[in-house]
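I have placed the structure first, in the form of structure tokens, so that the comments after it can refer back to it.
The values are calculated or read from the model by the stated rules, or taken from the named source; none is laboratory data. A quick note: this is a predicted structure, and the numbers were derived from the prediction, not measured. Cβ placement follows ideal geometry from the backbone for every residue including glycine, while neighbour counts extend to all protein chains displayed. Side chains included, ligands, DNA and RNA excluded: accessible areas come from the protein's heavy atoms. Shrake-Rupley method; radii C 1.70, N 1.55, O 1.52, S 1.80 Å.
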Amino acid sequence: MMGFDTLNRAIEGSLVAVRQGDEGGDYVVEVKFNPDDTVRYWINKQTFLIDKITTRYRSQVLIEEQRSDYRRADCMMLPFHVITRLQGQTFADLDIVSYDVKSSVPASRFTITAVP
């Protein structure tokens, strides 16, 4: 899930952010990684939580993620319902039961593999 890390990088000036026109109850901000790759965020005007994210390549939406049912998990507000669409087709519709935000996960549990 893309989120505030990308927005924070834009705020710090390492990525370009462009304010789009508001839509309904959301502020809309687009972050540009390069001229072709962008991520657009719909940020709820009341809660400042992310309602929707789209990743775009050459202005075409590739991935859309809708977030809802935010609840407190420890000290954070996290979405408990996430719908992901790939090029308009529903890929995943997740109802999250709980988050474990306190457990430490060793780095050895993750591997990064280079793709040729």
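Before moving on, here are some points about what is shown:
- Residues satisfying the stated conditions in the range 8-43, i.e. surrounded by 16 or more Cβ atoms within 10 Å (Cβ to Cβ), under 21 Å from residue 71 (Cβ atoms) and not β-branched (Val, Ile, Thr): 26, 41, 42
- Scan the range 59-92 for residues that are among the charged types (D, E, K, R), touching a Lys or Arg at 6+ places or on another chain (Cβ under 7 Å), exposed (fewer than 14 other Cβ atoms within 10 Å of the Cβ) and in a strand (DSSP E or B) and the total you get is 0.
- Test for residue 95: is it modelled with pLDDT under 95 and open to solvent by 90 Å² or more (accessible area, probe 1.4 Å): no
- Index of the failed condition, residue 113 passing every other in (1) loosely packed, with under 13 Cβ neighbours inside 10 Å; (2) part of a strand (DSSP E or B): (2)
- Residue under evaluation residue 46, criteria (1) open to solvent by 70 Å² or more (accessible area, probe 1.4 Å); (2) at pLDDT below 95; (3) out of contact with any Leu (no Cβ under 9 Å at 6 or more places or on another chain); (4) polar (S, T, N, Q), criterion not met: (2)
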